[in-house]
Amino acid sequence: MPTPTAPARIALDAARAAPLEPGRASSRLLTHGSLELRFYAPKGRDDQTPHSRDEVYVVASGRGWFRRGEERVPFGPGDALFVAAGVVHRFEDFSDDFATWVMFYGPHGGEKESGA
């Protein structure tokens, strides 16, 4: 059985301390196959644009509102938020301590709906 090259654990403190990737507003923490794990903690405003792959956010800290297309939902620590590839989305009216794990996965253009 091959030995995994990705870390088994990434502590929240380590994610917060990770340097931003040049030209990005987030830190890349690991990649494995199509999975890319990042950490995102915008200050004051979220200026992200739609991404080419599906993504899941898991809120690490803070509260606010999440806009996905025409939907707007509240979020808090521990909440998971899904965005399909190409969909306009952003965090709004979030607290100063807001930070989230971000997982990009699958092919560019997104995966097909499973109907589940």
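Cβ-Cβ under 6 Å, sequence separation 6+ or interchain: first residue in segment 100-115 and over 12 Å from SER26 (Cα atoms), partner surrounded by fewer than 16 Cβ atoms within 10 Å (Cβ to Cβ) and small (Gly, Ala, Ser). Which pairs?
Matching pairs, first to second residue: TYR105/SER34; GLY106/SER34; HIS108/SER52.
Restricting to segment 44-77, name every residue that is over 26 Å from LYS112 (Cα atoms), surrounded by fewer than 15 Cβ atoms within 10 Å (Cβ to Cβ) and either within 14 Å of the chain's Cα centre (by Cα) or in contact (Cβ under 8 Å) with a residue 12 or more places away in the chain (or both).
Across segment 44-77, the qualifying residues are ASP47, TRP65, GLY76, PRO77.
Results for (1) closer than 21 Å to HIS108 by Cα; (2) in contact with a Ser or Thr (Cβ under 6 Å, 6 or more places away or on another chain), shown as yes or no for each residue.
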{"site": "ASP13", "(1), (2)": "no, no"}
{"site": "ALA17", "(1), (2)": "no, no"}
{"site": "PHE39", "(1), (2)": "yes, yes"}
{"site": "TYR57", "(1), (2)": "yes, yes"}
{"site": "SER61", "(1), (2)": "no, no"}
{"site": "GLU70", "(1), (2)": "no, no"}
{"site": "PRO77", "(1), (2)": "no, yes"}
{"site": "VAL88", "(1), (2)": "yes, no"}
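For segment 88-116, enumerate the residues that are among the β-branched types (Val, Ile, Thr) and in contact with a Lys or Arg (Cβ under 6 Å, 6 or more places away or on another chain).
Matches in segment 88-116: VAL102 only.
ALA84 fails exactly one of the following numbered conditions: (1) of a type in the set (A, V, I, L, M); (2) within 25 Å of GLU113 (Cβ to Cβ); (3) touching a residue at least 40 places away in the same chain (Cβ under 8 Å). What is the number of that condition?
Here ALA84 meets the rest and fails (3).
Within segment 27-46, track down each residue that is assigned to a loop (DSSP other than H, G, I, E, B) and out of contact with any strand residue (DSSP E or B) (no Cβ under 8 Å at 6 or more places or on another chain). If you could, list the steps in order and put the result at the bottom.
Within segment 27-46, the first condition is being assigned to a loop (DSSP other than H, G, I, E, B), and the residues that meet it are 33-34, 41-46.
Scanning segment 27-46 gives GLY33, LYS43, GLY44, ARG45.
Is at least one residue of segment 17-26 in a helix (DSSP H, G or I) and within 22 Å of ASP97 (Cα to Cα)?
Step one: filter segment 17-26 for residues in a helix (DSSP H, G or I), giving 17.
Next cut, within 22 Å of ASP97 (Cα to Cα) only: 17.
Looking through segment 17-26, at least one residue is in a helix (DSSP H, G or I) and within 22 Å of ASP97 (Cα to Cα).
All of the numbers you see were taken from the coordinates with simple rules; none came from a lab. As the structure is a prediction and not an experimental result, all values here were calculated from the model. Reconstructed Cβ throughout: ideal geometry from the backbone, glycine too, with neighbour counts over all protein chains shown.
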